[in-house]
Amino acid sequence: MPLAVYILGLSVFALGTSEFMLSGLLPPIADDMDVSIPQAGLLISAFAVGMVVGAPLLAVATLKLPRKATLTALISVFGLGQVAGALAPTYEILFASRVVSALACAGFWALGAAVAVAMVPVNSRARAMAVMIGGLSIANVLGVPAGAFLGEHFGWRSAFWAVAAASAVALVGVLTRIPSIPVPAEKPQLKRELTIYRDRQVWLAVVSTALAGGGVFCAFSYLAPLLTDVAGIGEGWVSTVLALFGIGALIGTTLGGRIADAHMFGVLLSGIAASTVFLAALAVFATVPAMVITLAFLLGVSAFYTAPALNARIFNVAGAAPTLAAATVTAAFNLGNTAGPWLGGKVIDADFGYQSTAWAGAAMLVVALAVVAVSMRAQGRSKVVTGSAATAHADEASRVPSPAGAERA
């Protein structure tokens, strides 16, 4: 695996910490900004919306720009967005800073994923994506719990300052370790890349990715209040439980990245099914602290076990357009990260309780399973048709007399 792929993974650590750390900071942000917990949860959705919009827009806008310079600019804007969030005097400005940060994050993710995949063989794509997703896993192991710890002891704004510092370190890594990647001799053609959206398998991959991510983060986004208000766990334990989720995510990413290239649909079906079971159990045993803690760890394993396969799946079915494929997978995940917290906030506002977010998430995952099954069946049919056509062609060729020259050869 090229060193540049690992540098991209380390950069994703800063991005991922910012994206997910609010799950441990919602109560203090809500108190400071004088808004409800569901309103504070919309800050998570704001980031996700920025990712959804930013990924395709920036992929198109930077299609013909030098890769390293673009990555440098995007990580710089992202860091400035964290500074703006740390200084935000009102909820509205904090909301806007999250959107701006997300736009830069989306561009970096999409471009970084395209660069990572381009540097490895086709049969190593899931492993390359696992390295980048590993940055998210480490963010969940270290960054998110650290953000919760900082928020508890030094105020939630200190977490934003910490991410700004991590972004500065990532910027140095990009400048010094990412090689200068020239624009391809044959420049990418937007019109040609857009043709991937005619493929039914691309849309099935997008929907399954959005539902799989959204189902997990429907519950994860409100894990902090569920731990304190439902399970009765002290606030000091929130960062520890988030760290356990992150450790599970790191384990899941490692396992999924090694298996997914050879058993794509097996990983998708087993991982999503496991997450569904764990979320249902979380809803049932939400008042039992030991069960909640254990299930948080297991959910981290199962959710991130599927992540490399979900990423690689879109690259496989949209291989003719690597730049837009990267933007598409980024947008797909964040469609889920938008819908999940939004749905979780709705069921909380309807007075179903914080544990209801786990039921809502499990419902999204059941639909994701059905979509993956449809995609697997459709791919099986296309292989049968392709194989039959190839056999018929070979049979026809065998009946055609060989030219004399060919026989002598």
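The values are calculated or read from the model by the stated rules, or taken from the named source; none is laboratory data. Because the structure is predicted, anything quoted here is derived from the model rather than measured. All Cβ positions, even for glycine, are placed from backbone atoms using ideal geometry, and neighbour counts span all protein chains on display.
Pairs only if they're at least six apart or on different chains, beta carbon under 8 angstrom, first in segment 89-107 and closer than 21 Å to A325 by Cα, second of a type in the set (F, W, Y); list them, first residue then second.
Listed by first residue and then by second, the contacts come to A102/F47; A104/F78; C105/F47; C105/F78.
Filter segment 195-210 down to residues that are modelled with pLDDT under 85 and crowded, with 18+ Cβ neighbours inside 10 Å, then give me how many there are.
Within segment 195-210, residues that are modelled with pLDDT under 85 and crowded, with 18+ Cβ neighbours inside 10 Å number 1.
Within segment 63-95, can you find the residues that are part of a helix (DSSP H, G or I), small (G, A, S) and over 15 Å from A48 (Cβ atoms)? Show your work before the answer.
Just the residues of segment 63-95 that are part of a helix (DSSP H, G or I), to begin with: 67-87, 91-95.
This time we only want the ones that are small (G, A, S), so: 69, 73, 76, 79, 81, 84-86.
Across segment 63-95, the qualifying residues are A69, A73, S76, G79, A84, G85, A86.
Just the residues that are in a helix (DSSP H, G or I), surrounded by 23 or more Cβ atoms within 10 Å (Cβ to Cβ) and not aliphatic (A, V, I, L, M), please, taken from segment 324-357.
Once the filter is applied, which keeps residues that are in a helix (DSSP H, G or I), surrounded by 23 or more Cβ atoms within 10 Å (Cβ to Cβ) and not aliphatic (A, V, I, L, M), segment 324-357 yields T328, T330, F333, N334, G336, N337, T338, G340, P341, G344, G345, T357.
For (1) more than 18 Å from A55 (Cβ to Cβ); (2) modelled with pLDDT of 85 or more; (3) of a type outside the set (S, T, N, Q), each residue gets a yes or a no:
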| site | (1), (2), (3) |
| --- | --- |
| C105 | no, yes, yes |
| A110 | no, no, yes |
| V122 | yes, no, yes |
| A126 | yes, no, yes |
| M132 | no, no, yes |
| G147 | yes, yes, yes |
| F160 | yes, yes, yes |
| K187 | yes, no, yes |
| E193 | no, no, yes |
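Tell me whether segment 56-69 contains one or more residues that are at pLDDT 85 or above, among the hydrophobic types (A, V, I, L, M, F, W, C) and either surrounded by 24 or more Cβ atoms within 10 Å (Cβ to Cβ) or over 16 Å from N337 (Cα atoms) (or both).
Looking through segment 56-69, at least one residue is at pLDDT 85 or above, among the hydrophobic types (A, V, I, L, M, F, W, C) and either surrounded by 24 or more Cβ atoms within 10 Å (Cβ to Cβ) or over 16 Å from N337 (Cα atoms) (or both).
Which residue pairs have Cβ atoms under 7 Å apart, sit 6 or more places apart or on different chains, and have a first residue in segment 251-265 that is farther than 17 Å from F315 by Cβ and a second that is surrounded by fewer than 24 Cβ atoms within 10 Å (Cβ to Cβ) and at pLDDT 85 or above?
I251/V301; G252/V301
Checking D261 against (1) in a helix (DSSP H, G or I); (2) over 20 Å from G353 (Cα atoms), which single condition isn't satisfied?
Failing condition for D261: (1).
Of the residues in segment 273-318, how many are part of a helix (DSSP H, G or I) and farther than 30 Å from M119 by Cβ?
Result for segment 273-318: 23.
Can you name the number of the only condition in (1) modelled with pLDDT under 80; (2) within 15 Å of S11 (Cα to Cα) that G143 fails?
Only one criterion in (1) modelled with pLDDT under 80; (2) within 15 Å of S11 (Cα to Cα) is unmet by G143, namely (1).
Looking at (1) within 27 Å of A318 (Cα to Cα); (2) in contact with a Leu (Cβ under 6 Å, 6 or more places away or on another chain), find the lone condition where P121 falls short.
With (1) within 27 Å of A318 (Cα to Cα); (2) in contact with a Leu (Cβ under 6 Å, 6 or more places away or on another chain) applied to P121, the lone miss is (2).
Can you tell me which residues in segment 25-40 are in contact (Cβ under 8 Å) with a residue 40 or more places away in the chain and farther than 16 Å from E92 by Cβ?
Result: L25, L26, P27, P28, I37, P38.
For segment 274-290, enumerate the residues that are without any contact (Cβ under 8 Å) to a residue 12 or more places away in the chain and closer than 19 Å to E235 by Cβ.
Matches in segment 274-290: A290 only.
Results for (1) more than 30 Å from A69 (Cβ to Cβ); (2) in a helix (DSSP H, G or I); (3) in contact with a Lys or Arg (Cβ under 7 Å, 6 or more places away or on another chain); (4) in contact (Cβ under 8 Å) with a residue 60 or more places away in the chain, shown as yes or no for each residue.
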residue: M129; (1), (2), (3), (4): no, yes, no, yes
residue: L136; (1), (2), (3), (4): no, yes, no, yes
residue: A139; (1), (2), (3), (4): no, yes, no, yes
residue: L142; (1), (2), (3), (4): no, yes, no, yes
residue: P145; (1), (2), (3), (4): yes, yes, no, yes
residue: L150; (1), (2), (3), (4): yes, yes, no, no
residue: W161; (1), (2), (3), (4): no, yes, no, yes
residue: A164; (1), (2), (3), (4): no, yes, no, yes
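Inspect segment 89-108 for any residue being of a type in the set (A, V, I, L, M, F, W, C), farther than 19 Å from F20 by Cα and touching a Ser or Thr at 6+ places or on another chain (Cβ under 7 Å) and give the result as yes or no.
Taking every residue of segment 89-108 in turn, none turns out to be of a type in the set (A, V, I, L, M, F, W, C), farther than 19 Å from F20 by Cα and touching a Ser or Thr at 6+ places or on another chain (Cβ under 7 Å).
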